[in-house]
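To keep things clear, I will list the structure first and then write my remarks on it.
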Amino acid sequence: MLEEVAKQAELLVKVLDYTRVGILITDPDLEDNPIVYVSEGFTKMTGYEVEEVLGTNCRFLQGEDTDRNKIDLLREAIKDRKPVLIEVANYTKDGTLFWNELTIDPVYIEDQDKLYFVGVQRDITEQVMAKKEYERSVQRIQSISTPIVPLLDGLAVLPLIGEMNKERFDLMFDTVTQETVRLGIKKLVIDLSGLTHYDAFVVEGIFQLRDVLKLIGAELVLCGMAPGLAIQSVLKGGNQLETIQTASSVKQILKEAFEQFE
């Protein structure tokens, strides 16, 4: 019987070592919840040898870019003896950052009347890097589709070209407010002369953008407004249009700005 149990245990260890994920087991009954077992996958992923980590808390994987909020979630789950899943930046023995998808589950061993924590970690660095590159690409596309051009200190122009609909305006809305703050813009000129088509939402959106920019300390100026859009603006906004500064062109605005310096 004991021989059969030993064979099963040996098989289990071999299976765990064969998996590509890292597996560790900790004992919360001991001081500082130390590691009592790590798989070969753990040593390959982290660069630490078994003898270096047994008996220690796994916080040695943490570093400068480790999110403390994620560690707090982990600590609370262990305290409450509940399962938890986090994605966190960890570090190998040589200091290389890797993204760790860490799942921890409490496992009760009835024969021992004892609780352990079993952690399964998966290296998701490639996925995280791909996601970040995708987000950077989206930001680049957004900056191209909503090109804010600084002209003078605190003055910038946003030329709108082509068709403008609700979807594009929503994208522009988010980008413009963020860039206005980042660039320290005090007066943003929206040049509408390049618009070839727009829907009724654009008029309402202009007033919303005016209100948001005002809240962050910036002024909205419209120029190059086609007659059709001007008429819609009056019909839609009524007296609100009087609260938005307008100009015939960017050239006029620049001329007025330079005259203030004279």
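Here are some notes:
- Fully extended contour minus Cα-Cα distance, from VAL149 to LEU115, at 0.36 nm per residue: 6.1 nm
- Table column - 3J(HN,Hα) (Hz), the stretch 104-111, Karplus curve with 6.51, -1.76, 1.60, x for Gly and Pro: 10, 10, x, 10, 9, 9, 5, 4
- Whole-percent P(r), the stretch 148-227, all Cα pairs, 5 Å bins from 0: 3, 15, 30, 28, 17, 7, 1.
- Each peptide in 88-96, 116-124 gets a packing score, the mean of other Cβ atoms within 10 Å over its residues, and the list from highest to lowest is 116-124, 88-96.
- Ranked by how many other beta carbons lie within 10 Å on average, peptides 79-87, 35-43 from highest: 35-43, 79-87
- Modelled this way, with points 7 Å down the Cα-to-C-beta line, the labels at VAL128 and LEU73 are 1.2 nm from one another.
- One decimal place: the segment LYS93-GLU219 gains 40.1 nm when fully extended, by the rule 0.36 nm per residue minus the C-alpha distance.
- Theoretical FRET efficiency, 1/(1+(r/R0)^6), r = Cβ-Cβ of ASP80 and ARG182, R0 51 Å, to 0.05: 0.80
- Inter-probe distance in nm under a simple model that places probes 7 Å from Cα toward Cβ, at PHE60 and GLU204: 6.1 nm
- Length gained on full extension, GLU256 to GLU167: 28.7 nm, using 0.36 nm per residue less the C-alpha separation.
- For ILE148, distant residues with modelled amide H under 5 Å away: none
Values in this text are rule-based calculations from the coordinates and carry no lab data. Predicted, not measured: the structure shown is a model, and the values here were computed from it. All Cβ positions, even for glycine, are placed from backbone atoms using ideal geometry, and neighbour counts span all protein chains on display.
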